[in-house]
Amino acid sequence: MAGLACAGALRVQGYEPVLFDKGRRPGGRLSSLQLEDGMAWDFGAQFLLAGEGAFAAQVSAWRQAGLIAPWPEGPEGALVGVPAMSTLVAAQCGGHDVRFGAQVQRIEHGGDGWQVSGPGWREGPFGALIVATPAEQAAPLLSLHDLAMAREAAAARSTPCWTVMAAFDQPLAAVPSVLRDAGPIAWAARNSSKPGRTGRECWVIQAGAQWSADNLECDREAVAERLLALFAAQAGIEPPSTIFLKAHRWRFALPYGQTAGAQWNPVLRLGACGDWCLPGAIEGAWRSGTDLAARIACSLEAAPAESQRLSRTG
Ligand SMILES: Cc1cc2nc3c(=O)[nH]c(=O)nc-3n(C[C@H](O)[C@H](O)[C@H](O)COP(=O)(O)OP(=O)(O)OC[C@H]3O[C@@H](n4cnc5c(N)ncnc54)[C@H](O)[C@@H]3O)c2cc1C
């Protein structure tokens with residue numbers, strides 16, 4: 001979200017960003033899994049709110065484009081991507097040069113600009129470089145180039161989140177579509193109650209930060225079984241029989257204590273953005289990306305726009 005928000009705003013200014021993402025498909029922490037048979041889950045962010053100011057205008061544009069819709073069975077004011085949360089990210093990729101499956105391991109600065117490389121590949125030079133990953137993944141990349149920026153990233157902390165995707169052969173008729181803060185379960189939601197989803201009874205179950213931290217290195221299958229049992233206990237039902245059950249570990253799920261703001265070093269032409277820079281999760285990520293783009297455009301305005309090739313990792 002942050003990287004694409006930044007790239008989109010820079011593109012409007014005439015720059016040509018190239019994006020590298022280690023994921024196989026668009027999403028990041030707005031990822032969704034869709035299987036044949038009508039099974040689907042948003043296993044990262046669950047919903048967004050209308051927000052304020054420029055973000056509210058963006059949300060309204062997404063809504064008019066049919067990319068998001070209200071979720072009447074969700075929390076008050078909840079909006080969700082249609083047909084999946086990842087749609088919001090996928091739609092923003094259009095028109096950009098995005099390389100998926102491209103894990104950035106090194107960023108190097110030389111006389112002709114920035115080089116970006118990963119296992120078996122190297123790209124560049126680029127006129128500027130933006131790191132738009134969770135703070136814990138940004139800090140090591142930034143640390144060789146801008147210690148102050150790396151320190152801001154290193155000071156940010158994220159809580160983990162074990163998430164379970166489950167599909168049941170019968171609807172859980174007695175359970176409301178959203179369960180919140182129920183013992184170790186921070187959130188459980190009937191994904192199939194979101195607009196644009198059809199078919200099977202699919203649920204997303206997310207453990208709280210403490211449970212996730214306590215069980216961070218546990219076996220994936222065991223976590224899936226335990227969270228399903230905890231969910232059933234909290235919902236007051238017998239553990240339902242599943243036709244699909246999978247756990248996903250978000251090591252860096254939700255940052256807290258964000259104060260840094262989007263980062264920009266005009267001398268090195270190195271920037272950083274992401275939800276660790278501003279509060280508000282999806283909204284904070286989007287704001288940090290657009291704030292950074294405005295700062296970059298301001299500081300590069302003396303250079304001819306056509307000659308700028310920009311890159312973003314993440
Ligand atoms: C389980 C969960 C539930 C959530 N629920 C909500 C919610 O309901 N509402 C809400 O507003 N927010 C929610 N959030 C938070 C929200 O998802 C994030 O705040 C937002 O998506 C962050 O966007 P971002 O662009 O900063 O980071 P990310 O989405 O994490 O994007 C960073 C990208 O960097 C890539 N990357 C990382 N390292 C590298 C590397 N070395 N090389 C290349 N690529 C790399 C990743 O693949 C990823 O695509 C939730 C998050 C989680 C995990």
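At-a-glance table
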| item | result |
| --- | --- |
| The chain - Kirkwood radius from inverse mean 1/r over Cα pairs (Å) | 20.3 |
| Dmax and Rg, reported as Rg then Dmax, of region 47-156 (C-alpha, Å) | 18.2, 55 |
| In region 191-276, GluC sites (Glu not before Pro) in a DSSP loop with at most 14 other beta-carbon atoms within 10 Å | E217 |
| For region 80-231: Kirkwood Rh in Å [reciprocal of mean 1/r, alpha carbons] | 19.0 |
| Cα-based helix-to-principal-axis angle, 220-235 vs the chain, degrees rounded to 10 | 60 |
| Net charge contributed by nearby residues that have their C-beta within less than 14 Å of Q234 (K/R +1, D/E -1) | 0 |
| Charge dipole (debye, nearest 20) of the chain; +1 at Cβ of Lys and Arg, -1 at Cβ of Asp and Glu | 280 |
| Cα-based radius of gyration of region 158-255 once divided by 2.2 N^0.38 Å, which approximates compact folds | 1.02 |
| Per-residue [θ]222 nm for the chain (sum of -39500 (n - 2.57) over DSSP H runs n ≥ 4, rounded to 500) | -8500 deg cm²/dmol |
| Zero-based 10 Å bins, Cα pair distances in region 1-67, whole percents | 16, 38, 37, 8, 0 |
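Bear in mind that the values in this text are calculations on the coordinates, not laboratory data. Here the structure is a predicted model, which means the values were calculated and not measured. Glycine also receives a Cβ, built like all others from the backbone with ideal geometry; neighbour counts cover every protein chain displayed.
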